[in-house]
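Following: one structure in structure tokens, then a few remarks.
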Amino acid sequence: MMTTTMRVRCAAVAPARVNARAQRATRATRSVVKTRAAADDLKDKLSEVTATLSEKWEESDEKPAIVTLGVYGLIGLVAANGTLRAVDSLPLVPDVLELVGILFSGFFVYQNLLYKPDRAALKETVTKTLNKIL
């Protein structure tokens, strides 16, 4: 038999559970809305890139050279992937390479990002290089 205090406790717990469920549902709805917005942005960017590529393709006179370059690029990626998988399967080599990467990153930060004049010099160098390329 249920006493009145047990009924009161159960009644007090039920709204809290309902509120928690409602909050989870609200979070899920926000997540879906954000995901849809991100998907729309991605579709817009993809259509923009596709339009730009098709425009450049039509302007180009060297279509066989572009296709050949793309095929060689794909072959290079496959070869690099195979090489990296082979190196990754060797014992201790991935750990040593990771340590070298961490040390080099630390050295780069110390040389170029730690002090304000160094940051300004790096920014100037990057800007000059980008201007040369573009």
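Modelled spin labels at Asp40 and Thr127, positioned 7 Å past Cα toward Cβ, are 3.7 nm from each other. Partners of Lys34 within straight-line reach, counting lysines whose Cα lies under 24 Å from its Cα and excluding those fewer than 8 residues away in the same chain: Lys43, Lys45. Of all lysines in the structure, the ones whose alpha carbon falls short of 20 Å from that of Lys123, not counting any fewer than 8 places away in one chain, are Lys132.
Shown in residue order for the stretch 117-128 are the 3J(HN,Hα) couplings computed by the Karplus curve 6.51 cos²θ - 1.76 cosθ + 1.60 at θ = phi - 60°: x, 5, 5, 5, 5, 5, 4, 5, 4, 5, 4, 4 Hz (x for Gly and Pro). Assuming charge only on the beta carbon of Lys and Arg (+1) and of Asp and Glu (-1), the dipole of the stretch 35-89 about its Cα centre is about 340 debye to the nearest 20.
Quick note: the coordinates plus some simple rules give every number you see, no bench work behind them. Remember, it's a predicted structure, so these values are computed and weren't measured experimentally. Here Cβ is always computed from backbone atoms with ideal geometry, including for glycine, and neighbour counts include all displayed protein chains.
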